[in-house]
4 protein chains.
Amino acid sequence: MLQELKSEVLMANLELTRLGLDVLSFGSVSGICRSEGLIAIKPRGMKCEDITINDIVIVDMEGHLIEGNMQPSSETLTHLELYKAFPGIGGVSHSHSTYATMYAQACNEIPCLGTTHANIFYGNIPVTRNLEEHELTDYERNTGRVIIERFAGKNVDMMPAVLVAGHAPYCWGKNAYESVKNSYMLEYIARLAWGTLIINPEKAELPEHVLIKHYKKNNGLSSFNIQKKTAV
Amino acid sequence: MLQELKSEVLMANLELTRLGLDVLSFGSVSGICRSEGLIAIKPRGMKCEDITINDIVIVDMEGHLIEGNMQPSSETLTHLELYKAFPGIGGVSHSHSTYATMYAQACNEIPCLGTTHANIFYGNIPVTRNLEEHELTDYERNTGRVIIERFAGKNVDMMPAVLVAGHAPYCWGKNAYESVKNSYMLEYIARLAWGTLIINPEKAELPEHVLIKHYKKNNGLSSFNIQKKTAV
Amino acid sequence: MLQELKSEVLMANLELTRLGLDVLSFGSVSGICRSEGLIAIKPRGMKCEDITINDIVIVDMEGHLIEGNMQPSSETLTHLELYKAFPGIGGVSHSHSTYATMYAQACNEIPCLGTTHANIFYGNIPVTRNLEEHELTDYERNTGRVIIERFAGKNVDMMPAVLVAGHAPYCWGKNAYESVKNSYMLEYIARLAWGTLIINPEKAELPEHVLIKHYKKNNGLSSFNIQKKTAV
Amino acid sequence: MLQELKSEVLMANLELTRLGLDVLSFGSVSGICRSEGLIAIKPRGMKCEDITINDIVIVDMEGHLIEGNMQPSSETLTHLELYKAFPGIGGVSHSHSTYATMYAQACNEIPCLGTTHANIFYGNIPVTRNLEEHELTDYERNTGRVIIERFAGKNVDMMPAVLVAGHAPYCWGKNAYESVKNSYMLEYIARLAWGTLIINPEKAELPEHVLIKHYKKNNGLSSFNIQKKTAV
């Protein structure tokens with residue numbers, strides 16, 4: 001079971017590299033085994049492209065090292081907060097991909113301006129608040145907490161991405177691979193939004209009925225009644 | 001006959017990938033056999049780079065599956081509307097290529113600012129209106145219909161491209177391969193226009209006599225008298 | 001002699017492709033044998049990457065085909081005008097490279113904003129006027145003529161590049177290869193200028209004493225007294 | 001000893017190329033042997049990718065050639081000034097990388113807008129003043145001197161990068177390789193800042209407590225008390 005999870009997490013980290021998202025080696029991908037309460041995650045300080053199956057680290061839900069010769073990613077406690085708060089997710093990806101990080105640095109939501117975006121993300125990509133100075137003492141956990149605070153009462157399945165203010169994006173999914181795929185989608189729709197608003201700075205968001213149509217169509221939800229206000 | 005069409009459509013889909021236009025696997029290319037009233041199209045949910053000749057799907061003009069083990073592209077009904085309305089075209093390409101999609105999202109025409117553009121496209125690249133809410137029930141067909149509405153009384157041979165508002169571009173041509181080539185040209189002239197207007201936001205369109213000269217020169221139309229107003 | 005020229009022109013066309021400048025196959029490179037009064041040039045309608053030595057076409061100074069199985073590039077008459085007017089040049093390159101073409105479309109000079117630019121080009125990159133309607137009947141020759149008009153009384157060795165308004169750049173050099181190298185330099189300094197003016201739209205040109213210093217240093221001209229106003 | 005230094009400097013120059021930073025062959029990397037008072041540096045006029053170990057040049061602290069068949073890089077005297085003024089550094093890199101050079105040309109500091117930046121560079125990336133006309137006679141040394149002037153009383157370890165106004169960046173580090181890594185980091189954070197300010201031109205710098213937190217975390221300085229005002 002864990003061997004399979006480690007293998008999946010390895011492949012997802014390699015995919016992050018292949019897609020050009022492990023910029024400056026600041027990326028990290030993890031996956032969870034819910035029945036065992038364990039996560040597999042990238043080791044600290046390695047490029048995604050250099051890791052092998054034996055480098056993947058297993059930690060428990062408190063971040064204690066269970067298996068592996070390396071230290072877990074320095075972002076591990078943030079990943080853990082997300083797994084604890086969002087019981088439906090199976091994988092988490094972090095990267096400093098270019099356009100998504102620009103939006104995170106700008107502390108701006110990524111507006112939903114087209115069907116490419118609406119196919120995957122149900123509405124604007126949310127951005128967290130900045131951490132307060134007193135929250136820096138438990139920095140990694142508190143990074144997870146401001147994400148969770150931003151999603152209070154919202155549907156994380158319909159919005160598998162967030163921008164941490166002044167930092168970079170986090171994405172999640174049913175498993176590690178899907179979280180990487182969502183990181184890739186996020187980067188592309190961030191780039192599209194960035195360029196679209198240069199053409200037309202006054203461009204309003206996609207009409208809600210088109211957003212709903214495309215999100216449903218791409219997610220096989222034709223009979224499901226969703227409302228924009230239930231999302232983030 | 002159909003085998004040849006399938007082969008051509010396969011190669012055109014592979015070319016879409018090679019040219020970097022099958023972003024997020026949202027691309028689809030088709031070709032038509034007018035005598036049989038059949039089209040060959042990319043299968044649903046595959047990356048262009050993964051398809052083989054046996055994955056290419058044959059459908060009739062109403063979208064009924066005639067041959068193939070896969071479902072046809074989810075954009076099939078849009079392709080069919082274009083083939084029915086524009087009897088001179090032999091291939092259709094759809095992509096979410098970066099700069100063309102930015103213009104589609106901005107709901108802005110791509111202005112004709114240079115000879116690169118004028119060589120292929122006779123004037124500004126048109127953009128459709130948004131679909132109304134009641135048109136979403138037959139979404140794919142109505143996407144085709146708003147394109148056709150935009151071209152009413154216009155010459156589709158002289159303008160083998162359109163931007164669907166809030167969505168992405170469609171291109172066509174004499175055959176599948178030419179429609180892909182036009183998608184590539186469209187992406188490049190969209191990028192040029194985008195950057196040109198950053199340098200000089202007040203830049204007017206290319207003078208009409210230069211547009212006519214270049215369009216004729218590149219299309220072997222030296223003796224043909226064209227007028228701008230007859231195009232889109 | 002001609003075989004050597006053809007070989008050099010072939011290599012220069014391949015280099016244009018390798019450097020990513022033969023966008024949409026709109027590039028063409030030529031070289032001249034002054035003693036014979038003949039030029040070697042890329043054949044019409046081919047991608048640079050596909051040509052072989054036997055495809056290179058030889059024409060005389062009036063553009064008559066002297067050797068070759070293909071037609072010469074459709075830009076041949078423009079190349080010839082430049083060779084006739086600028087006796088010191090040995091090679092000419094044309095491309096639709098991205099940022100240089102944006103500036104040509106914007107009808108804006110590329111301002112000299114840094115030492116990268118000053119190392120190669122002595123001052124702002126000039127832009128021609130638009131062709132008048134009556135000049136379109138002899139379009140290729142008149143494209144050459146508006147370039148020559150722009151350089152009247154100027155030193156073409158110190159400014160081996162020009163932007164044709166609404167069209168794209170031309171570059172030249174001591175031979176075909178150097179003209180391609182200058183096309184590459186032009187593209188890079190166009191990109192730098194484009195991005196610099198987004199950061200600081202009020203940025204003035206490089207101080208003249210720095211321009212002179214860098215141009216001399218990079219061109220081995222330490223004892224040569226140049227003045228800005230003698231250049232374009 | 002020198003053989004090892006030459007090997008390290010060779011690898012660092014090759015890395016500059018591999019990372020896409022040796023644009024137009026204007027890059028140069030050097031390393032110093034403090035005990036011998038000698039530096040190893042790239043030869044003049046070569047592309048980084050073409051050099052071999054025997055091409056690496058050894059010069060003394062006054063720039064006299066000690067070993068090698070080639071002339072040292074034309075930037076050698078600038079490198080030497082930095083080694084003399086900053087006794088803690090072991091390697092220096094120069095490049096004309098795209099976004100860092102745009103900021104240098106704009107004569108703008110690169111603002112610290114996110115944690116990617118704060119992980120490596122403690123605050124905004126400084127820019128020098130322009131050289132005066134009378135300083136051009138000893139151009140390379142004076143380029144070093146305006147950098148040193150800008151860092152008067154500052155901590156060069158916490159800010160291993162500078163922009164030379166109207167020119168391009170210089171970076172340094174504990175050794176040649178680390179200086180190249182810092183050049184790569186600089187280029188990426190320049191690109192991020194450039195795009196971030198297009199999204200939100202009013203974006204303020206990262207709050208100081210977050211800057212301190214990230215800089216300490218990434219540099220293993222958890223117990224070290226740093227203050228922003230002590231940096232550049």
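The values are calculated or read from the model by the stated rules, or taken from the named source; none is laboratory data. Just so it is clear, the model here is predicted, and its values are computed rather than measured. Cβ: placed from backbone, ideal geometry, glycine included. Neighbour counts: every protein chain shown. Each accessible area value is taken on the protein alone, full model and side chains, heavy atoms only, with ligands, DNA and RNA left out. Shrake-Rupley method; radii C 1.70, N 1.55, O 1.52, S 1.80 Å.
Under 28 Å between alpha carbons, and skipping anything fewer than 8 positions from residue C:213 in its own chain: which lysines qualify?
The reachable lysines, counting only those whose Cα sits under 28 Å from residue C:213, are C:154, C:174, C:181, C:203, C:228, C:229, D:42, D:47, D:84.
For residue C:66, what charge total do you get from the other residues with a beta carbon under 11 Å from its beta carbon, if Lys and Arg give +1 and Asp and Glu give -1?
That sum, taken over residues with Cβ under 11 Å, equals -4.
Which value, in debye to the nearest 20, gives the size of the charge dipole of the range D:1-111 about its Cα centre, when Lys and Arg are +1 and Asp and Glu are -1 at the Cβ? Intermediate values should be presented prior to the final figure.
Working: 7 positive and 14 negative charges, 24 e Å.
Its charge dipole is roughly 120 debye.
Please work out the Cα center distance from the range C:42-62 to the range C:145-222, rounded to the nearest Å.
For the range C:42-62 versus the range C:145-222, the Cα centre distance is 27 Å.
Suppose we look only past 21 Å in the calculated P(r) of chain C. What percent of the Cα-Cα pairs does that tail hold? Before the final figure, lay out the partial values.
Details: 14398 of 26796 pairs.
In whole percent, the share of Cα-Cα pairs in chain C beyond 21 Å is 54.
Please turn the phi angles of the range B:47-52 into ³J(HN,Hα) values with the Karplus equation 6.51 cos²θ - 1.76 cosθ + 1.60 (θ = phi - 60°), one per residue in order, whole Hz, x for glycine and proline.
Per-residue couplings from phi come out as 6, 3, 5, 8, 7, 10 Hz.
Could you pull the copy-to-copy label distances for residue B:34, with points set 7 Å along Cα to Cβ, in nm to one decimal and sorted shortest first?
5.6, 5.6, 8.0
Along Cα-to-Cβ, 7 Å out, sits the label point; list in nm, shortest first, how far the one on residue C:88 is from those in the other copies.
5.1, 5.1, 7.2
Calculate the spin-label point distance for residue A:202 paired with residue C:155, positioning each point 7 Å from the Cα along the beta-carbon direction, and give it in nanometres.
5.0 nm
Using a 1.4 angstrom probe on heavy atoms only, work out the carbon and sulfur share of the accessible area of chain B in %. If you can, show how the numbers build up before the last one.
Details: 4100 of 8630 Å².
Solvent-exposed carbon and sulfur of chain B make up 48 percent of the total.
Could you work out the helix-only [θ] at 222 nm for chain C, with each DSSP H run of four or more residues adding -39,500 (n - 2.57) and the total divided by the number of residues, to the nearest 500 deg cm²/dmol? Intermediate values should be presented prior to the final figure.
On the way: 7 runs with 87 residues, N = 232.
Only helices count here, giving -11500 deg cm²/dmol.
Express the accessible area of the range C:1-127 per residue in Å², computed with a 1.4 Å probe while the remaining protein chains stay in the model. Working shown, then result.
Numbers: 4130 Å² over 127 residues.
With the other protein chains kept in place, the range C:1-127 gives 33 Å² per residue.
If you take the charge dipole of the protein assembly as shown about its Cα centre, with +1 on Lys and Arg Cβ and -1 on Asp and Glu Cβ, which of B:45, D:211, A:168 is farthest toward its positive end?
Value: D:211.
Cα atoms only, the protein assembly as shown: Rg and Dmax in Å?
Computed over the Cα atoms of the protein assembly as shown, radius of gyration and Dmax are 29.2, 84 Å.
What is the sum of charges, Lys and Arg at +1 and Asp and Glu at -1, for the other residues whose Cβ falls under 10 Å from the Cβ of residue A:17?
Numbers: positive: A:18, A:47; negative: A:15, A:22, A:49, A:50.
Computed value for this residue: -2.
Using the Cα centre of the protein assembly as shown as the reference point, and only Cβ charges (+1 on K/R, -1 on D/E), how large is the resulting charge dipole? Debye, rounded to the nearest 20. Present the calculation step by step, with values, prior to reporting the outcome.
On the way: 84 positive and 104 negative charges, 233 e Å.
Charge dipole, the protein assembly as shown, about its Cα centre: 1120 debye, nearest 20.
Could you give the distance between the Cα centres of the range A:103-134 and the range C:83-108, to the whole Å?
Cα centres, the range A:103-134 to the range C:83-108: 43 Å.
Only helices at least 18 Å long along their own axis, judged from Cα atoms, and with Kyte-Doolittle mean hydropathy of -0.5 or greater: name those in chain B from DSSP H. Kindly include the intermediate steps, with their values, before the conclusion.
Values: long enough: B:2-18 (24 Å, -0.03); B:176-199 (35 Å, 0.42).
Taking the DSSP H segments of chain B (at least 18 Å long, mean hydropathy at least -0.5), we get B:2-18, B:176-199.
Using Cα-Cα distances under 8 Å and only pairs 6 or more residues apart, what relative contact order does the range C:5-123 have, in percent? Write down the numbers at each step before the final one.
Working: 182 pairs, mean separation 29.0, N = 119.
Contact order relative to length: 24 percent.
Assuming a viscosity of 1.306 mPa s and a temperature of 10 °C, what translational diffusion coefficient in µm² per second does Stokes-Einstein assign to the range A:52-103, Rh being the Kirkwood radius over Cα pairs? It would help to have the intermediate numbers written out before the result.
Numbers: Rh = 12.6 Å.
After rounding, the answer is 126 µm²/s.
Compute for chains D and A the buried accessible surface, both sides summed, probe 1.4 Å, and express it in Å² to the nearest 100. Mind showing how you got there, number by number?
Working: alone 11000 and 10990 Å², together 19650 Å².
About 2300 Å² of accessible surface is lost on pairing.
Can you give the net charge of the other residues whose Cβ lies under 13 Å from the Cβ of residue D:27, counting K and R as +1 and D and E as -1?
-2
Say the dipole of chain B comes from +1 at the beta carbon of Lys and Arg and -1 at that of Asp and Glu; which of B:152, B:29, B:196 then lies farthest toward its positive end?
Result: B:196, furthest along the dipole toward the positive end.
When only DSSP loop residues count, what trypsin sites (Lys or Arg not before Pro) in the range A:44-152 have their Cβ near at most 16 other Cβ atoms within 10 Å?
A:44, A:47, A:129
Put +1 on the Cβ of each Lys and Arg and -1 on the Cβ of each Asp and Glu in the protein assembly as shown; which of D:102, B:79, C:86 then has its Cα farthest toward the positive end of the dipole?
Sorting the options by dipole projection puts first D:102.
At a Förster distance of 30 Å, what's the computed FRET efficiency of residue C:132 paired with residue C:33, Cβ-Cβ distance as r, to 0.05?
On the way: r = 34 Å, r/R0 = 1.13.
So, using R0 = 30 Å, E works out to roughly 0.30.
Relative to the Cα centre, what is the charge dipole magnitude of chain C, using +1 at the beta carbon of each Lys and Arg, -1 at the beta carbon of each Asp and Glu, and rounding to the nearest 20 debye? Kindly include the intermediate steps, with their values, before the conclusion.
Numbers: 21 positive and 26 negative charges, 184 e Å.
Dipole about the Cα centre, nearest 20: 880 debye.
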